[in-house]
Amino acid sequence: MKIEIINFEIKGNERGSLIALEENKNIPFDIRRVYYIFGTKEKVRRGFHAHKQLNQVAICLNGSCKILLDDGNEKKAVLLDQPDKGLIIREMIWHEMFDFSEDCVLIVLASELYEESDYIRNYEKYLCIEGSNG
Ligand code: TYD
């Protein structure tokens, strides 16, 4: 499984830093939804799902966390600890978020509106669907 990281260009000067996110430019899809996760309690693990059709980019704006990606064959954990680093989470990739620092703010850009029917929340079912897709 290829880990796809986007390194955003920082428009920095003596006043500080700025990053701009633009759909179909440095974000590889139409951005239809943005959500962010913060105040996650210590030792909490979130996610535990895959999406049938959704593509996402996760960026840790503050603090740090880890994201486990699993394509049904291979699992890889990625540390997100820089606001200029985006992790692409493609459709049909099982993912879990963990090791949140107390100050972690994780923003996620998503290619579709929230749709519960797009979620696969059962890992056995995920493996079955992923396996049948070849
Ligand atoms: P949930 O999927 O359980 O979060 P995680 O995958 O991080 O563990 O989502 C938490 C709640 O927020 C749940 O009630 C669904 C809701 N939600 C929305 O209403 N809109 C959204 O865009 C997302 C991602 C979640």
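The values are calculated or read from the model by the stated rules, or taken from the named source; none is laboratory data. These figures come from a predicted structure and were not determined experimentally. Reconstructed Cβ throughout: ideal geometry from the backbone, glycine too, with neighbour counts over all protein chains shown. Just so you know, the surface numbers come from the protein's heavy atoms only, side chains and all, with ligands and any DNA or RNA stripped out. Shrake-Rupley method; radii C 1.70, N 1.55, O 1.52, S 1.80 Å.
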### Message
The conditions are (1) away from the ligand (no atom under 16 Å from the Cβ); (2) touching a strand residue (DSSP E or B) at 6+ places or on another chain (Cβ under 6 Å), and GLY72 fails exactly one of them. Which is it?
### Response
(2)
## Note on the structure
Reported set for region 1-53 where residues are in contact with a helix residue (DSSP H, G or I) (Cβ under 7 Å, 6 or more places away or on another chain), part of a loop (DSSP other than H, G, I, E, B) and surrounded by 12 or more Cβ atoms within 10 Å (Cβ to Cβ) is LYS52
### Query
Can you name the residue in region 94-114 that is assigned to a loop (DSSP other than H, G, I, E, B) and more than 9 Å from the ligand (Cβ to nearest atom) and is also surrounded by the most Cβ atoms within 10 Å (Cβ to Cβ) among such residues?
PHE100
### Query
Under 6 Å by Cβ, and 6 or more places apart or on different chains, what pairs join a residue from region 42-56 that is in contact (Cβ under 8 Å) with a residue 24 or more places away in the chain and closer than 19 Å to SER111 by Cα with one that is more than 9 Å from the ligand (Cβ to nearest atom) and among the small types (Gly, Ala, Ser)?
LEU54/SER111; ASN55/SER111
### Task
Check LYS125, LYS66 and return the single one that is open to solvent by 30 Å² or more (accessible area, probe 1.4 Å) and touching a strand residue (DSSP E or B) at 6+ places or on another chain (Cβ under 7 Å).
LYS66
#### Entry: So GLU91, is it of a type outside the set (Val, Ile, Thr) and either free of Cβ contacts under 8 Å to residues at least 12 places away in the same chain or in a loop (DSSP other than H, G, I, E, B) (or both)
yes
### Query
Under 8 Å by Cβ, and 6 or more places apart or on different chains, what pairs join a residue from region 16-36 that is among the aliphatic types (A, V, I, L, M) with one that is within 16 Å of the ligand (Cβ to nearest atom) and assigned to a loop (DSSP other than H, G, I, E, B)?
LEU21/ILE31; ILE31/SER111
### Task
Go through the residues of region 50-64 one by one and say whether even a single one is charged (D, E, K, R) and within 16 Å of the ligand (Cβ to nearest atom).
yes
### Odd one out for LEU61, checked against (1) more than 24 Å from LYS125 (Cα to Cα); (2) open to solvent by 80 Å² or more (accessible area, probe 1.4 Å); (3) part of a loop (DSSP other than H, G, I, E, B)
(3)
